[in-house]
Amino acid sequence: AYTHLMRAFWPDMRLDTKAGYRRLSRLEKDGYLIKEHSEKKKLNIFLLTGKGYEELAGRNLDSGLKCYERGKDYERFIDHDLKVTTIRIAFSEVGLKDWTSERVIRERQQLLRVPDGVLNINGHKAAIEFENYVTKGPKRYQELFDSYRSYKDHFDFLFMILDGNDKSVFSDLDYDPQSVWFVRYNDLVDSGLKTLFSNKRASFRLRQLV
């Protein structure tokens, strides 16, 4: 989305400036981006074209996968996917830029459960699971924690990022408090280095990771 591109590539430019729209319009006109409209979110989404992908590949900035194409489930998952992009940018803005996307993980690692992303923090890998409101029951979340316990050779931490305030479903579940941490989505987006990570035994601020 427009705000993602502005925050990621032109962070010093005001979001409401016309210069930002002009830059995107030029990239679209020159064939590097294509503009799609999400009826569900009522906003425009800018996607990379094949030409744009080749430009990134020529600068060794590509993922090694083929260029993303809008699929049949695009609208179904658009809210989740946009928020995961916001999470990635929020981490990047505090200096944590080494992120591996779900598409890359799915292609390169044979895992039954694939996280929404992996954040590399000084050589330690944190699996990112974003919950767009806590909608699963305790059994499903326990299965998730058990899966990540078996993935200890792949990930050092599991960050559960929750859009919503209710964490009660996790209070009686069995998880490793040394590796599983919870954070509210809005806190991460709005608070930066002051973002609070917590579990049933302890808490810390994001600035301690940077």
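Going by the structure shown, is residue 93 in contact (Cβ under 8 Å) with a residue 24 or more places away in the chain, acidic (Asp, Glu) and closer than 27 Å to residue 171 by Cα? Reasoning before the result, please.
Numbers: in contact (Cβ under 8 Å) with a residue 24 or more places away in the chain: yes; acidic (Asp, Glu): yes; closer than 27 Å to residue 171 by Cα: no.
Answer is no for this residue.
State whether the residues of the stretch 172-183 include one that is at pLDDT 95 or above, surrounded by fewer than 14 Cβ atoms within 10 Å (Cβ to Cβ) and among the aliphatic types (A, V, I, L, M). There is no residue in the stretch 172-183 that is at pLDDT 95 or above, surrounded by fewer than 14 Cβ atoms within 10 Å (Cβ to Cβ) and among the aliphatic types (A, V, I, L, M). Would you confirm, using the coordinates I've provided, whether residue 83 is surrounded by 15 or more Cβ atoms within 10 Å (Cβ to Cβ), within 22 Å of residue 120 (Cα to Cα) and in contact with a helix residue (DSSP H, G or I) (Cβ under 8 Å, 6 or more places away or on another chain)? So residue 83 fits the description; yes. Among the residues of the stretch 186-204, those that are under 19 Å from the mean Cα position of the chain (by Cα) and either open to solvent by 70 Å² or more (accessible area, probe 1.4 Å) or aliphatic (A, V, I, L, M) (or both) comprise 186, 188, 189, 190, 193, 194, 196.
Look at the stretch 97-113: where a residue is assigned to a strand (DSSP E or B) and a partner is modelled with pLDDT of 90 or more and open to solvent by 70 Å² or more (accessible area, probe 1.4 Å), sitting 6+ places away or on another chain with Cβ atoms under 6 Å, you get 99/88. Taking the criterion of being in contact with a strand residue (DSSP E or B) (Cβ under 7 Å, 6 or more places away or on another chain), farther than 20 Å from residue 98 by Cβ and either open to solvent by less than 30 Å² (accessible area, probe 1.4 Å) or free of Cβ contacts under 8 Å to residues at least 24 places away in the same chain (or both), the only residue of the stretch 123-143 that qualifies is 131.
Yes/no per residue for (1) modelled with pLDDT of 90 or more; (2) farther than 23 Å from residue 128 by Cβ; (3) not hydroxyl-bearing (Ser, Thr, Tyr):
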| position | (1), (2), (3) |
| --- | --- |
| 8 | no, no, yes |
| 65 | no, no, yes |
| 69 | no, yes, yes |
| 84 | yes, no, yes |
| 94 | yes, no, yes |
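Filtering the stretch 40-69 to residues that are out of contact with any helix residue (DSSP H, G or I) (no Cβ under 9 Å at 6 or more places or on another chain), open to solvent by 60 Å² or more (accessible area, probe 1.4 Å) and over 18 Å from residue 4 (Cα atoms) leaves 51, 54, 55, 58, 59, 60, 69. The condition of being open to solvent by 80 Å² or more (accessible area, probe 1.4 Å), assigned to a helix (DSSP H, G or I) and in contact with a strand residue (DSSP E or B) (Cβ under 6 Å, 6 or more places away or on another chain) holds for only one of 22, 26, 88, that being 88.
Every residue in the stretch 2-56 that is of a type in the set (D, E, K, R) and within 27 Å of residue 72 (Cβ to Cβ), please. Steps first, please.
Of the stretch 2-56, the ones of a type in the set (D, E, K, R) are 7, 12, 14, 16, 18, 22-23, 26, 28-30, 35-36, 39-42, 51, 54-55.
Of everything in the stretch 2-56, those that are of a type in the set (D, E, K, R) and within 27 Å of residue 72 (Cβ to Cβ) turn out to be 28, 35, 36, 39, 40, 41, 42, 51, 54.
The values are calculated or read from the model by the stated rules, or taken from the named source; none is laboratory data. Small disclaimer: the values here were computed from a predicted structure and weren't measured. For neighbour counting, all protein chains shown are included, and Cβ atoms are generated from backbone atoms with ideal geometry for every residue, glycine included. The accessibility values were calculated without ligands, DNA or RNA, using every heavy atom of the protein model including side chains. Shrake-Rupley method; radii C 1.70, N 1.55, O 1.52, S 1.80 Å.
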